[in-house]
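Here is the structure we will look at.
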Amino acid sequence: MSGRMSIRWTFSFGSWNPTECQFQLAASCIQEEEKIRIGRFVFKKDAKASLAGRLLMRKYVSENSSLPYADIKFGRDDRGKPFLVGCHEVKPMLNFNVSHQGNYAVLAGESGCNVKVGIDVMKLEYSGGKTLSEFFRVMTRNFSPLEWETIRGNSKTSDKQRLAMFCRHWCLKESYVKATGTGIAVNLQQINFKIKSSNLRTGAVVTDTELFVNGNHLEDWSFEESLLDENHCVAVALSGKGRGSVPVVFKCLDFSELMNGSKPLLSADPAYSQMFFKKEEKPF
Ligand SMILES: CC(C)(COP(=O)(O)OP(=O)(O)OC[C@H]1O[C@@H](n2cnc3c(N)ncnc32)[C@H](O)[C@@H]1OP(=O)(O)O)[C@@H](O)C(=O)NCCC(=O)NCCS
């Protein structure tokens with residue numbers, strides 16, 4: 001069991017081309033109902049993303065509690081947020097959240113009582129067909145006027161910079177609504193971020209962004225923002241963690257690290273893996 005309080009992991013499912021043996025092992029280490037759900041994805045990429053998220057959660061709990069791998073069981077609340085069944089008996093209490101998009105599945109884990117954690121990763125790309133300004137118009141009501149000012153910048157701001165700032169704000173909002181568990185079924189315009197450090201970098205964590213909800217500064221919340229690579233930004237929302245804690249840089253796991261300590265829960269299922277390998281990687 002590791003003594004670390006804060007865990008930040010990524011797994012690049014986009015560049016993971018599993019062998020049949022690796023896929024079967026991975027799919028046998030998650031709960032049956034999740035295996036069934038993942039089997040329904042049309043594209044390989046989505047199945048790998050969700051599978052990696054489940055494996056990150058199992059690894060986190062396995063390495064940070066004394067629970068035997070086979071006894072780790074996750075439930076979902078009525079909005080779909082996964083939680084560890086029996087988490088109140090596990091000491092220290094483990095709080096975690098995962099996200100997957102672009103090429104990465106990511107996990108943020110924080111131990112301690114009354115801690116909330118949410119995470120969101122986003123690829124810095126826009127391929128929606130509309131121009132960027134038309135897209136921004138459609139998204140108007142999801143951001144406050146101050147946020148739009150920051151996103152749009154000035155006449156010297158390029159579309160690439162605008163898109164990066166848009167994704168950064170979106171990641172922040174999602175990380176927060178994922179930490180609270182509500183998801184995006186809330187008025188996002190009332191969740192307002194004030195960004196102070198204009199640039200994100202890989203290997204460095206920005207922590208000075210502030211959150212205002214309905215005009216009130218929520219001082220108990222902090223946000224850790226960084227780039228995983230030049231095309232992916234990530235935000236971690238935290239509350240109840242206490243001040244002065246040092247933010248942790250993401251560690252990129254390879255497949256053997258992801259699976260380290262895992263034990264199959266389900267028997268081998270060649271038909272399931274054949275179905276996976278018949279799928280297209282992604283829509284186009
Ligand atoms: C939660 C939500 C913000 C996720 O958005 P997303 O950008 O598509 O997905 P991400 O990759 O960031 O995160 C997905 C992961 O977050 C977790 N998750 C799911 N629902 C969650 C919630 N409400 N809060 C926090 N985390 C959640 C899961 O681990 C999920 O992975 P999985 O789909 O492989 O199980 C979005 O789906 C949402 O708003 N859901 C609201 C759902 C709701 O209100 N449902 C009502 C009844 S069904």
_How tilted is helix 159-180 with respect to the longest principal axis of the chain? Cα atoms for both, answer in degrees (0 to 90, nearest 10)._
60 degrees
*Specify the angular offset, from 0 to 90 degrees and rounded to the nearest 10, of the alpha carbon long axis of helix 44-64 from the longest principal axis of the alpha carbons in the chain.*
80 degrees
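When the solvent-accessible surface of protein heavy atoms is calculated with a 1.4 angstrom probe, in what order do 151, 195 fall, highest first? Please report the intermediate quantities before stating the final value.
Details: 151 0, 195 30 Å².
So, going from the largest accessible area down, we get 195, 151.
Report in % the part of the accessible area of region 213-284 that belongs to carbon and sulfur, leaving out ligands and nucleic acids; probe 1.4 Å.
Values: 2240 of 4200 Å².
C and S fraction of accessible area: 53 percent.
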*Using Cα pairs under 8 angstrom and six or more residues apart, how large is the relative contact order of region 111-244, in percent?*
34 percent
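Can you give the helix-only mean residue ellipticity at 222 nm for the chain, where every DSSP H stretch with n ≥ 4 adds -39500 (n - 2.57) and the sum goes over all residues, rounded to the nearest 500 deg cm²/dmol? Please list the in-between numbers first.
Values: 8 runs with 89 residues, N = 284.
It comes out at -9500 deg cm²/dmol, rounded to the nearest 500.
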_Looking at the chain as a GNM with Cα springs under 10 Å, which of 233, 171, 252 has the largest mean-square fluctuation?_
252
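Evaluate E = 1/(1 + (r/R0)^6) for residue 263 and residue 40, where r is the Cβ-Cβ distance and R0 equals 22 Å; express this FRET efficiency to the nearest 0.05. Intermediate values should be presented prior to the final figure.
Working: r = 25 Å, r/R0 = 1.14.
Computed FRET efficiency for residue 263 and residue 40: 0.30.
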_Relative contact order %, the chain, counting alpha carbon pairs below 8 Å whose residues are six or more apart_ = 26 percent
*Restraint check, 178/279; 35/59; 196/251; 59/91; 116/263; 130/194, Cα-Cα greater than 22 Å*: 178/279; 196/251; 116/263; 130/194
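When the accessible area of region 71-204 is split by element with a 1.4 Å probe, what percent falls to carbon and sulfur? Numbers along the way, then the final one.
Values: 3340 of 6810 Å².
Of the solvent-accessible surface of region 71-204, carbon and sulfur hold 49 percent.
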_Normalised convex hull volume, region 26-131, alpha-carbon set, Å³ per residue_ = 133 Å³
*State the three equivalent ellipsoid semi-axes of region 81-136, derived from the C-alpha gyration tensor as the square roots of 5 times its eigenvalues, in descending order and whole Å.*
35, 11, 9
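How fast does region 156-242 diffuse by Stokes-Einstein, in µm²/s, taking the Kirkwood radius from C-alpha pairs at 10 °C and 1.306 mPa s? Please list the in-between numbers first.
Numbers: Rh = 13.4 Å.
Once the numbers are plugged in, D ends up at 118 µm²/s.
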*Specify which residue in the list 206, 270, 183 is farthest towards the positive end of the charge dipole of region 130-284, using unit charges on the beta carbon of Lys, Arg (+1) and Asp, Glu (-1), about the Cα centre.*
183
*With labels modelled as points extended 7 Å from the Cα through the Cβ direction, what inter-label distance (nm, one decimal) is found for residue 83 paired with residue 278?*
3.9 nm
_Solvent-accessible surface (1.4 angstrom probe) belonging to residue 131, in square angstrom, nearest 10_ = 70 Å²
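Accessible area per residue, 1.4 Å probe, Å², for the chain: what's the number?
On the way: 14040 Å² over 284 residues.
Spelled out: the 1.4 Å probe surface of the chain, per residue, equals 49 Å².
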*Quick one: give the max-minus-min coordinate of the C-alpha atoms of region 118-271 along each principal axis, largest first, in Å.*
56, 42, 31
*Put 257, 219, 89 in order of accessible area, largest first, 1.4 Å probe: what do you get?*
89, 219, 257
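What percent do you get for the relative contact order of region 152-221 when only Cα pairs under 8 Å and 6+ apart count?
Numbers: 49 pairs, mean separation 14.8, N = 70.
Relative CO of region 152-221 lands at 21 percent.
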_If every alpha-carbon in the chain counts as one equal scatterer, what log10 I(q)/I(0) does Debye give at q = 0.10, 0.14 1/Å?_
-0.54, -1.05
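The values are calculated or read from the model by the stated rules, or taken from the named source; none is laboratory data. Bear in mind the structure is a predicted one, so any value in this text is a computation, not a measurement. Note that we place each Cβ from the backbone using ideal geometry, even for glycine, and neighbour counts take in every protein chain shown. When the accessible area is computed, the model is the full protein with side chains, heavy atoms only, and any ligands, DNA or RNA have been set aside. Shrake-Rupley method; radii C 1.70, N 1.55, O 1.52, S 1.80 Å.
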